[in-house]
Each structure stands twice: as structure tokens, then as C-alpha cells.
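The values are calculated or read from the model by the stated rules, or taken from the named source; none is laboratory data. Here the structure is a predicted model, which means the values were calculated and not measured. For neighbour counting, all protein chains shown are included, and Cβ atoms are generated from backbone atoms with ideal geometry for every residue, glycine included.
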Amino acid sequence: MLLLAVLAWPAQADWTWSEPLTVNSVRGAAIFPHIESANRRGIAVSGGTVGVVWEDNRDGSPQCYLALKPTGAAAFQPEIRISQGECYEPVVVSLGGGRFAAAWEENGGVRAQVLPGGMAMKLSGAAAAQVTLAAGADRLYAAWAEQAGRFKRIVVARLQWEGDTLNVQSVRPVEARAPVDEQGWPALALAGDGSVTVAWEDRRARHTVPMVSRSRDGSGFSPPARLSDHKSGRVDGLGAGSGAMRPTLTTWGRQGVAAVWLDKRDFLSGYDVYAAFDKGGRRFGKNQRVQDDFGDNMAQWHALVVGDAGGQLVALWDDARDGTPDVWLADWNGTAFGDNMAVPAAAGPGAQSDPVATLGVDGFLHVTWLDHDEQAGTRIRYVRAERR
């Protein structure tokens, strides 16, 4: 144990953590909050204000909520409900100046809204789900999985906002042809050159493979390519191949895009966290494993990656290497991800899982997660970290 502590110390010494706060004001043993979403974009920072979105069933049906913590406030303000019908998988991004854009699935379609204020607008004409957003340099894009015949396919829209009003400028499917199998869980990133990268789960190979496509300006997309460099096939004569799921993307540095996803290529230990990098050439390179050797023999879950224009890059996920689920973090050091460290407030007795995070323009890492308690109800917790 002493050796493990010594080995972990340099990674933990890189961050200084705030005291944790509870985000949701209404809890109970029969209330179940969820912060799962496409690209895991459940937290954003705008003008110093932190915004967190989630879904829970406190009103007897799934509804989506937003809680804000203004600059200097000691706690989150009471949350506001942003949905009217049954709502799932909300996401939020910063528009700057204390304003946000949120999107979610409601009553079988996807909607978006400028917050605070604004009116929700429907983005999809057909049945749709798993919406996500990406914003940057006065641009805003949405992507979702939309029904196109028997299966869903990935659609990308460019949005425009003026004050509290959103408008749809264009809507494009990544592939014009009808899908031959299911597509879902899209992720978006806007690079510094204005290009759009979209990744998603794809079943055309009869098992789940993360695919990726790019567009110079959102008006047309390149043919899909595999994000994973593992050419999976049948395992011991079973199935169509080992799966990979839930790709996440982030802008990274001046021109780059980074991807992180869950990958079952080592099928005996369950899902592992893998990453790939587009350093500005609009092509992802060789895959790299994210978790360290201490996390190698158990499954990882709920992985995501967050980066910033300064070149910071952080991957987060949860796993139970210490006996119960904890939230873990790994920094990119330029050549590899470093030793894994547990987020201090999201580790220890009990179950801590489902991290979402962002690297704000303020330079801080903002993290929320679920802290499960069967008697008292699940808390959504928040901490902020800065590099020493």
C-alpha cells in the first residue's frame, strides 16, 4: 500500500481540488438522476457560471433540469425544469457571457434552447434521440440519431442564435444513403480551423464499431472511417467481433481533435478505455490505451475526454479497481496518458460513477458525477480542480 501511495503521489500532486458541492436539491430513495448523454456533455462554464444538466423522475416522469452556480456563489442555485414532456439525455454547452445552449430528447424528438430564458425548439422532423452539441468561435452544431427507414442514422445541424432565439441554418445526414444497421450516440468537436468532426456507434459490421467523419464547414461529410484500429472479428468462433462503444470527442490545442471510447478488444477484462488523436491533419492515428496497469483487469465505464485550446487533455471514467466504483482521471503528457489518479471526492466507500467534465476557459477542470446512496438517494456532486 505504501508503494502504491508513493507511485500515485506525483499524479495527484498535479491538481488542487475544491471542496465538493451537491448539485441536485431534490433527492430520495425513489428518485433516480441520470447524467448519461451523447458525448457526455452534461456540464459547461459560461462567463464564470457553471451549468449542470440531468434527468430525474421526481415529478413522476423523466424530466430534465438545469442548475447554475454563478461566479463566487458558495452553492448551486435551485434547479429549473427545462422540459415539458418525457425527457432524456440532456447536454449543455457554453455560448459565453453567462449563457448556455442545452439540448435533449423529448417525446420522441430532439429539442434545443438558449438558457437562461429562450424558447425550446424542435430540431428533428422525424423520430430522433441521443442529441449532442458542440460550440466554439461563435458557431454551434448539433448532432443526433434520426430514424431513416428501419434504422437510425447520424444527422448534423448548424444552429444560429441571436439573443435568446435559436434557428436551424442547415441539416445534413452524415451519409445520404439509408443506413443498413443502427447508428447512434454521436459525438461532435469543432476544430480551430472551423472543421467539424463527428463520431458515433455503428453496427454495419454486425457488431459495434466507432466510426468518424469530417466536414470542412458542416455542409458535406467525408466517407465514414473506423476510429478503432483494431480489425475485430469473431472471438473463439462466437459473435461478429469484439465491440467498442460510446465515442467522445473534444477540441484539443489550436487544430487538434482527440477521441476516447470504451473498447472490448481485450474481451476477457471487459471494456477498456482507448484514445486516438487527430493533430490537425484530419486523420486519427494509432489507438492508445488510457488506463494504467492497475486498472487493466477490470472493466471501465462512462469514459470521456476533455481538452482546451492550450493543449490540456484529460480522460475520465469510473472503475472498481479498489473494490467499489470510483472516478478516475488520466492526463495526456504529450506521448501517453500518465498514471491514473482517483478524483479525491469521488473515491472511497460507496459507489461513485458516471463522470462528466469540462475544461473551462478559466483554466479549471470542472467535474460532476453520481454519488449513490440507496437510503438517502443519489446526489449529483461537483468539484473544481486547478493545476499546481
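Among the residues of the range 285-305, is there at least one that is of a type in the set (Phe, Trp, Tyr), crowded, with 20+ Cβ neighbours inside 10 Å and touching a helix residue (DSSP H, G or I) at 6+ places or on another chain (Cβ under 9 Å)? Scanning the range 285-305 turns up no residue that is of a type in the set (Phe, Trp, Tyr), crowded, with 20+ Cβ neighbours inside 10 Å and touching a helix residue (DSSP H, G or I) at 6+ places or on another chain (Cβ under 9 Å).
Given the criterion touching a His at 6+ places or on another chain (Cβ under 8 Å) and not acidic (Asp, Glu), identify the matching residue among Gly350, Gly377, Gly334, Gly285. Don't jump to the end; show me each part of the working.
Values: Gly377 fails: touching a His at 6+ places or on another chain (Cβ under 8 Å); Gly334 fails: touching a His at 6+ places or on another chain (Cβ under 8 Å); Gly285 fails: touching a His at 6+ places or on another chain (Cβ under 8 Å).
From the options Gly350, Gly377, Gly334, Gly285, the qualifying one is Gly350.
Look at (1) part of a strand (DSSP E or B); (2) closer than 17 Å to Val212 by Cβ; (3) not β-branched (Val, Ile, Thr) and you find that Glu175 fails only one, number (1). Those residues that are surrounded by 17 or more Cβ atoms within 10 Å (Cβ to Cβ), outside any helix (DSSP H, G or I) and among the hydrophobic types (A, V, I, L, M, F, W, C), I need them from the range 317-350; list them, please. Trp317, Val327, Trp328, Leu329, Ala330, Trp332, Phe337, Met341, Ala342, Val343, Ala347 - these are the residues of the range 317-350 that are surrounded by 17 or more Cβ atoms within 10 Å (Cβ to Cβ), outside any helix (DSSP H, G or I) and among the hydrophobic types (A, V, I, L, M, F, W, C).
Of all the residues in the range 336-353, those that are among the polar types (S, T, N, Q) and in contact with a Pro (Cβ under 9 Å, 6 or more places away or on another chain) number 2. Within the range 90-102, the set of residues being of a type outside the set (A, V, I, L, M, F, W, C), within 20 Å of the chain's Cα centre (by Cα) and either under 14 Å from Ala38 (Cβ atoms) or not in a strand (DSSP E or B) (or both) comprises just one member, Pro90.
For the range 105-128, residues that are surrounded by 20 or more Cβ atoms within 10 Å (Cβ to Cβ), under 27 Å from Glu182 (Cβ atoms) and among the hydrophobic types (A, V, I, L, M, F, W, C) total 4.
Within the range 57-66, how many residues are surrounded by fewer than 24 Cβ atoms within 10 Å (Cβ to Cβ), touching a Phe, Trp or Tyr at 6+ places or on another chain (Cβ under 8 Å) and assigned to a strand (DSSP E or B)?
The first filter runs over the range 57-66 and keeps only residues surrounded by fewer than 24 Cβ atoms within 10 Å (Cβ to Cβ), leaving 57-63, 66.
Checking which are touching a Phe, Trp or Tyr at 6+ places or on another chain (Cβ under 8 Å) leaves us with 57, 62, 66.
Imposing the further condition that a residue be assigned to a strand (DSSP E or B) reduces the set to 66.
Number of matching residues: 1.
Scan the range 108-129 and give yes if some residue there is in a strand (DSSP E or B), over 18 Å from Phe221 (Cα atoms), of a type in the set (D, E, K, R) and modelled with pLDDT of 95 or more, otherwise no. First the steps, then the outcome.
Taking the range 108-129 first, the residues in a strand (DSSP E or B) are 109-115, 121-122, 128-129.
Okay, now just the ones that are also over 18 Å from Phe221 (Cα atoms), so 109-115, 121-122, 128-129.
Still in the list and also of a type in the set (D, E, K, R): 111, 122.
Of the ones still in play, those that are also modelled with pLDDT of 95 or more are 111, 122.
Taking every residue of the range 108-129 in turn, at least one turns out to be in a strand (DSSP E or B), over 18 Å from Phe221 (Cα atoms), of a type in the set (D, E, K, R) and modelled with pLDDT of 95 or more.
Only one entry of Val383, Val343 meets the criterion of being touching a residue at least 60 places away in the same chain (Cβ under 8 Å), of a type in the set (A, V, I, L, M, F, W, C) and over 23 Å from Tyr271 (Cα atoms), and that entry is Val383.
For the range 67-89, which positions are in a strand (DSSP E or B) and touching a residue at least 40 places away in the same chain (Cβ under 8 Å)? Spell out how you get there, then give the answer.
First pass over the range 67-89, keeping only residues in a strand (DSSP E or B): 67-69, 80-81, 87-89.
Within the range 67-89, Ala67, Leu68, Lys69, Tyr88, Glu89 meet the criteria.
Scanning the range 358-388 for residues that are charged (D, E, K, R) and in a strand (DSSP E or B) yields a count of 6. Between Glu182, Glu201, Glu162, the distinction of being of a type in the set (D, E, K, R) and surrounded by 23 or more Cβ atoms within 10 Å (Cβ to Cβ) belongs to Glu201 only.
Select from the range 206-233 the residues that are hydroxyl-bearing (Ser, Thr, Tyr) and assigned to a loop (DSSP other than H, G, I, E, B) and write down the one among them that is modelled with the highest pLDDT.
If we take residues in the range 206-233 being hydroxyl-bearing (Ser, Thr, Tyr) and assigned to a loop (DSSP other than H, G, I, E, B), then Ser222 is modelled with the highest pLDDT.
For the range 135-153, the condition holds for at least one residue, the condition being that it is under 23 Å from Ala258 (Cβ atoms), touching a residue at least 40 places away in the same chain (Cβ under 8 Å) and part of a loop (DSSP other than H, G, I, E, B). State whether one or more residues within the range 158-179 are touching a helix residue (DSSP H, G or I) at 6+ places or on another chain (Cβ under 7 Å) and not aromatic (Phe, Trp, Tyr). Checked the range 158-179: no residue is touching a helix residue (DSSP H, G or I) at 6+ places or on another chain (Cβ under 7 Å) and not aromatic (Phe, Trp, Tyr).
Among the residues of the range 37-56, those identified as farther than 9 Å from Val356 by Cβ and assigned to a loop (DSSP other than H, G, I, E, B) are Gly47, Gly48.
Go over the candidates Gly360, Gly377 one by one and state the one that is surrounded by fewer than 23 Cβ atoms within 10 Å (Cβ to Cβ), farther than 25 Å from Ala276 by Cβ and in contact (Cβ under 8 Å) with a residue 60 or more places away in the chain.
Details: Gly360 fails: farther than 25 Å from Ala276 by Cβ.
Of the residues listed, the single one that is surrounded by fewer than 23 Cβ atoms within 10 Å (Cβ to Cβ), farther than 25 Å from Ala276 by Cβ and in contact (Cβ under 8 Å) with a residue 60 or more places away in the chain is Gly377.
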